[in-house]
Amino acid sequence: MLTKKILMSAVLALSSLSLMAVSSNSFALSAEEQKGLDISLESKKRDLGWQDSTADMLMLLRNKQGQESTREIKMKSLEVLNDGDKSLTIFNKPRDVKGTAFLSFSHPVEADDQWLFLPALKRVKRISSRNKSGPFMGSEFAFEDLSSFEVEKYTYKYLGVDELNGVTNFKVEQYPVDENSGYTRRVVWIDTKEYLAHKIDFYDRKDSLLKTLTFSDYKQYLSKHWRADNQEMINHQNGKSTELKWANYNFKTGLSDSDFNRNSLKRAR
Amino acid sequence: MRDKLYNFVGKNPFWVILVCITFAMVAGIGAQKLEFKNDYRVFFSEENPQLTAFESMQKVYAKSDNVSFVVVPKDGNVFTAEHLAALKALTKASWQVPYSTRVDSVTNFQYTYAEEDDMIVEDLVMSTKNLTSDKLDKIKQIAISEPLLVNKIISKTGHVSVVNVTVQLPGVDPMAETPEVATSVRAIKAKFLEQNPGVEVHLSGMIMMNTSFGEASLDDGATLIPLMFLVVVITIGLLLRTITGTISTVLVIIMSIVTTMGLAGWLGFYLTGPSSSAPTMIMTLAVADCIHILTSMFYEMRQGADKRTAIARSVKINLQPIFLTSITTAIGFLSMNFSDSPPFRDLGNLVAIGVMLAFVFSVTIFPALLTVLPVRVKKQSESKKDIMSKLADFVIAKRKALLPLTSVFIIASVMFIPNNELNDDFVKYFDETVPYRTATDYMQENLSGMMVVEISVKTGESSGINNPTYLHSVSDFSDWLRARPETDHVNTITDTLKRLNKNMHGDDPNWYKLPDSQEMSAQYLLLYEMSLPYGLDLNNQLDVDKSSSRIVATFKNMTSNELINVEADMIEWFAKHAPQYEVDFASPSLMFAHIGQRNIISMLIGTTLALILISILLGVALKSWRFGLISLLPNLAPAAIAFGLWGLLSAQVGLGLSVVIGMTLGIVVDDTVHFLSKYLHARRDKDASPKEAVHYAFDNVGRALWVTTFVLVAGFAVLAQSSFKMNADMGFLTALTIFIALIVDFLFLPPLLMLLDKRKNVAAANDDVMSDSASRKNVEVA
């Protein structure tokens, strides 16, 4: 146990170093670009070391007509240092997709690896990687909005400070590196105290405002890791919205790589 | 009162001119507020049931405003590496169209196939670099056998394809958004053509149609209104030979139009295709007032009166008839308020306002101008009067033959009225000179029609669409629909599910069938949905709760009635085979198909009301209910004959034509009023026999009648040149009706009067005496 802790802190230190390396490698950046990058690095750094987590998610879909639809999902995540995180998503509702499980290995720059287990077919199917801009379960969240934040996914530009609900925020513009992204840019509001994202504006491929994501009810876990209980995504173009409500967060539950592979998909619940 | 009016005008001509022009200018400023609404939805009122159904469907699924690039490779083969590369580039460029939310083309079609144990979802055309002829052939086979694509995105033979851009207008500034999209799309087209000289591109779709509404009207404004001014100047110049008169008339017309359009702006009107023809109509109708005043004035001057006296007498003589004809015309146009289509209500109100303003101006600033400006009288040749006199002799001599002949003609024409068919095909609202029309015609010939019906089949329960019973119903319905001869294309989720089932079974064609359990179907869809990129999701086919799905059926061009029949058949199919589902049918095509019927019914009520009002007015003005009733015949016959002839010529009656009866009623009444009042004047005051009275009427108003008819027919014939077919047909039929009205008044009414009046003398002599004494005051004005 102790050795594991030591090992862990060593890895943490290493990855902090590598984050700094990202920072210092990026020469020839303008002052705004450097500051935008630094804020994002700090934000990522402050959350390092959560190891793994489980949580329940309720997804509420609304259309312009006022119709609602809910999805119930269980999420398991594994922190992967020096690469994107791994996640396992298990669907509980709608009933006809109960037991369906989705495994994703996200990567900072290359396409993510994704598999879906279909209980009706009792088979695991690989999913096309070009879907990152596509909607997750028919919601207003795209795959790329839900996958873990990695510093290398974007280039940055600091836009200034902005007051949001009485809190001072950095405003940082992020430009996706991957050309398969559905966005030209995102504008993120990150508070100056805890370095948490509070709001993100998404601009589509023709650079018009597409969606706004708002985070609320941040709670701190293990005196370190902040998670928002509520995320609301509003699509300005089609008038639809999706709300994510998180509950039962647990950290460091002892999940390991073996819980996140094709075989584990079939027994996930 | 009549004396006082001109006394004042004659004494203070400059003041009158100043006040009128100031009024016109102040009102005219409002014209800046006028904006053109380029959206087909303006044809429907808020409470229109088809519009409401369509709007709620658009809120549940995705909106369906679109632009289609119809791309035609000149070598007739879409499937060459070069052309596919071009299509790929066009698809990418189309994402840059403002407000675009989805782009569908052959190249980005989400092709699914099995590869070992995996299902691959990717663009049908991924890379165009190493396309061998084998690969090209494979792509072609996939495309032309895919039910989602064929006839919609690609032609059966693969010689034409479409890049369809779905646009979601935010509706914040609707007047600016549509042109913004159109401008962008045209720029993309121009650039594309520059880079691909071997290609032809047509632009179609709702956005282009909406753009055409505005542009056709603008073109009209630039060509028709100047043409109309030319007609006015030539008519008055040639027929009345007066420069001052022409200038003054043109001024009255301009002021009537400017003031009306200005008031429209102040009152918050907006312009639409139909209501943009208001200026042309006002211009046409305003001329008649001036002609009457000029004719009488010149008559007086030729008789030896000085100018001021002549003007005074002319105003005095004409005030009541002009007022009467203006008010009947206004009533006729106001009957358009019964229309179900707001643009026609606006048109009716605008022209009614314009006609009343023209009346006011022609008895104020018009005589004032004539007073101030120099007027010379040329000796008029009397030949015209001779013609009228000869015509009168002819009509009186041949009355026994004319009455049956004209009656037979009227009855024969009326018999063709049932030939007419209600039809509102919005594509045909534009003539072939409008690019949207040619593009859409081309699309209809090579791919699919523009008749689209969206069918939402609802289960009322979450995930209900995955139920095998539901899927089988939807699939059976789609098959039934496809088997109909008028169907071009059916877009249904069941095709996608069948394909996925096949993919999941190693692309075995035997598995091209619906999954047999709810879970299976739900999980296939989940897998598929999770694989789709941005903008190509299933939101346009499924609602958020997966409780209902939308089938989109595209039909060949057909008439409104045929489409309504197809709709009825579809309703019946569901009642018979799947009564447990709530089904909604909606689309712009259906909206237009139903508006004709709704409009005809409401316009009949409006026209009847106008007819009653006008007849009462005539009865009062002629001081005889009997003649009021007789006048009904020549008032109604022209429209009846015109629609009968239309039944032979075209037989397609749409929104534009359904208002013609009400509109022309107020105009054709004028001829009858003038003729009958002169006839009665002769009968009552001059003790003339019916024959003499007919002769008298011809001599006195015959010429004025044909001059005004000439102007009216010319004016509406100018409108008939509009590239906006709705206005053009309306103009043509109105011109035809007015022309027929003159013939009826010259050839049918006089023999009828000679016949009926004789009997009346015998039957109701007393009544005649009564009405005679009562009418004495009235006749002096007639």
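Gain on full extension, evaluated as 0.36 nm per residue between B:Gln32 and B:Asn419 minus their Cα-Cα distance, stands at 134.9 nm. Would you give the gap between the C-alpha center of region B:256-313 and the C-alpha center of region B:15-63, rounded to a whole Å? Region B:256-313 and region B:15-63 have Cα centres spaced 25 Å from each other.
Legend: mean number of C-beta atoms from other chains within 10 angstrom of residue C-beta atoms, peptide A:130-143, equals 5.
Give the residues of region A:186-211 whose amide nitrogen is closer than 18 Å to a point set 7 Å from the Cα of A:Glu42 in the direction of its Cβ. Residues A:188-199 fall inside that zone. Only one residue of A:Ser264, A:Gly239, A:Asn131 has its Cα farthest out toward the positive end of the dipole of region A:2-266, where Lys and Arg carry +1 and Asp and Glu -1 on Cβ, and that residue is A:Ser264.
Per residue, the average separation of C-alpha pairs within less than 8 Å and at least 6 apart gives chain A a relative contact order of 19 percent. Round to the nearest 0.05 the FRET efficiency obtained for B:Thr157 and B:His577 when R0 = 30 Å and r is the Cβ-Cβ distance. Once the sixth-power term is evaluated, E becomes 0.30.
Summed over qualifying helices (DSSP H, 4 residues or more, each -39500 (n - 2.57)) and divided by its residue number, chain B shows a 222 nm mean residue ellipticity of -22000 deg cm²/dmol. Calculate, for B:Arg308 and B:Ile225, the FRET efficiency according to 1/(1 + (r/R0)^6) with r their C-beta to C-beta distance and R0 22 Å; round to the nearest 0.05. Efficiency computed from Cβ-Cβ geometry: 0.05. Taking 0.36 nm per residue of sequence separation and removing the Cα-Cα distance, the B:Lys686/B:Tyr442 pair yields an extension gain of 81.1 nm. Considering all different alpha carbon pairs of region A:2-266, the Kirkwood hydrodynamic radius works out to 19.4 Å. Legend: mean number of C-beta atoms from other chains within 10 angstrom of residue C-beta atoms, peptide A:202-210, equals 3. How about A:Lys76: which lysines have a C-alpha closer than 17 Å to its C-alpha, ignoring those fewer than 8 places off in the same chain? The qualifying lysines are A:Lys86, A:Lys93, A:Lys98, A:Lys245, A:Lys252, A:Lys266.
Take B:338-347, B:491-500 and order them by the average number of nearby Cβ atoms within 10 Å per residue, most first; the result is B:338-347, B:491-500. I need the shape label for chain B. Rule: rounded when a/c is under 1.5, else prolate if a/b > b/c, else oblate, with a, b, c from the alpha carbon gyration tensor. Prolate shape, in that a/c is at least 1.5 and a/b is the bigger ratio. When each of the peptides B:274-282, B:157-165, B:29-37, B:673-681 is scored by how many other beta carbons lie within 10 Å of its residues on average, the order from highest to lowest is B:274-282, B:673-681, B:157-165, B:29-37. The stretch between A:Ser216 and A:Leu164 holds 17.5 nm of extra length on full extension. This uses 0.36 nm per residue minus the Cα-Cα distance.
For B:Met119, the residues whose modelled amide H falls within less than 5 Å of its own, excluding neighbours fewer than 5 places apart on the same chain, are A:Arg126. Given R0 = 45 Å, the distance between the Cβ atoms of B:Thr183 and B:Trp625 translates into a calculated FRET efficiency of 0.15.
Between region B:545-563 and region A:169-228, the C-alpha centres lie 41 angstrom from each other. For region B:394-404, 3J(HN,Hα) computed residue by residue from phi via the Karplus equation (6.51, -1.76, 1.60; θ = phi - 60°) reads 4, 4, 5, 5, 9, 4, 5, 8, 5, 4, x Hz, glycine and proline entered as x. Applying the Karplus relation 6.51 cos²θ - 1.76 cosθ + 1.60 with θ = phi - 60° to region A:246-256 yields 3J(HN,Hα) values of 9, 8, 6, 5, 9, 10, 6, 8, x, 6, 9 Hz, where x marks Gly and Pro.
Near the amide H of A:Arg123, within less than 5 Å, lie the amide hydrogens of A:Leu118, all on another chain or at least 5 residues away, with H placed in the peptide plane. The phi-based Karplus calculation (6.51 cos²θ - 1.76 cosθ + 1.60; θ = phi - 60°) puts the 3J(HN,Hα) values of region B:34-45 at 5, 10, 8, 8, 9, 7, 4, 5, 4, 6, 10, 7 Hz, whole numbers, x for Gly and Pro. Within the same chain, lysines fewer than 8 places from B:Lys138 are excluded, and of the rest, those with a Cα less than 22 Å from its Cα are B:Lys74, B:Lys88, B:Lys129, B:Lys152, B:Lys156, B:Lys498, B:Lys502. Under 22 Å of direct C-alpha separation, and excluding same-chain neighbours fewer than eight residues apart, B:Lys725 reaches these lysines: B:Lys37, B:Lys428, B:Lys556.
Peptides B:130-137, A:229-236 ranked from most to least packed, by the mean per-residue count of other Cβ atoms within 10 Å: A:229-236, B:130-137. The mean number of Cβ atoms from other chains found within 10 Å of a Cβ in peptide B:532-543 is 5, as a whole number.
The charge dipole of chain B, taken about its Cα centre with unit charges on the Cβ atoms of Lys, Arg (+1), Asp and Glu (-1) only, comes to about 4880 debye.
Each value in this text was obtained by applying a stated rule to the coordinates, not by laboratory testing. Keep in mind that this is a model prediction, so the values were computed, not measured. Methodologically, a virtual Cβ is constructed for each residue, glycine included, from the backbone with ideal geometry; neighbour enumeration extends over all protein chains shown.
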